[in-house]
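Here the structure comes first, spelled out in structure tokens, and everything after it is commentary.
Here, each number is a calculation from the coordinates, and none is a lab measurement. None of the values given here were measured: they were computed from a predicted structure. Neighbour counts are summed over all protein chains in view; Cβ atoms, including those assigned to glycine, are modelled from backbone coordinates with ideal geometry.
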Amino acid sequence: MSRQPPPTPERRSFLSRLNARAASVAALAVGGIAMAQQKSPATTRFEPARHDKDDWLDELPGKHRLLFDTTAADGLGDALLFAGNFIRVNRTDYGLQSSELAVIIVVRHRSTAFAFNDAMWAKYSVPLAARARFEDPKTKVAPKANVFRSEDYGEMLNNRGATLDGVAKQGVQFAVCSIATRAIAGLVAAAVGGNAEAIFGELVANLVSNARMVPAGIVAVNRAQERGYSLVSV
């Protein structure tokens, strides 16, 4: 019986490559079967829960939604100025009326004191100013009125004359932190020897225009973003 001649180096190289490719194909096939047998994890899109007490956020008409989060006097001043700019530019450059914009300013933490009208500031000026860590730039003492309702401060305040009442007339809404308001009521009660719960009710009854109480300012910030509001922190 005749013997086959040994393979040439070229043939050995070809056979090695062929065997390697066959092994790769087999490995891929086995891997594909294994992957197919594994259950792919379910992919779900996050959808935030909805709560009735937050539905007012959707009741505001508007083709665009904007929310300012303020925690101090300076932040509130900036929010008033920027809200006015937002409304004005949408009117002049986009032909949109203020009624077509949903704008909310959240007042919480140390800006909360400015959610109350002049009557509350006249009555409780010292504890309100203490809570806000604020002094009247004219008198250098606790103001006897809500300074952000006045146009008389000019460059002395960073709102530059944009007032709470002025932006409210253009449809801006204010969300007032209930937690901070209760803290203020406690400070006032300690200062005047009153009842904190009664003072809380008095403060709530004397909010500035277009203001509403919310359970917590930080929660309102979260819920508004979940409902499509762009956030500006000032």
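I need the calculated FRET efficiency for the pair K169 and R45, taking r as the beta carbon distance and R₀ as 41 Å, to the nearest 0.05.
Computed FRET efficiency for K169 and R45: 0.55.
Over its Cα atoms, what ratio of radius of gyration to 2.2 N^0.38 Å does segment 55-233 give?
Rg over 2.2 N^0.38 Å, computed on Cα atoms: 1.01.
With a sphere of radius 14 Å drawn around the Cβ of D52, what net charge do the other residues whose Cβ falls strictly inside it have (Lys, Arg +1; Asp, Glu -1)?
Residues close to D52 contribute a combined charge of 0.
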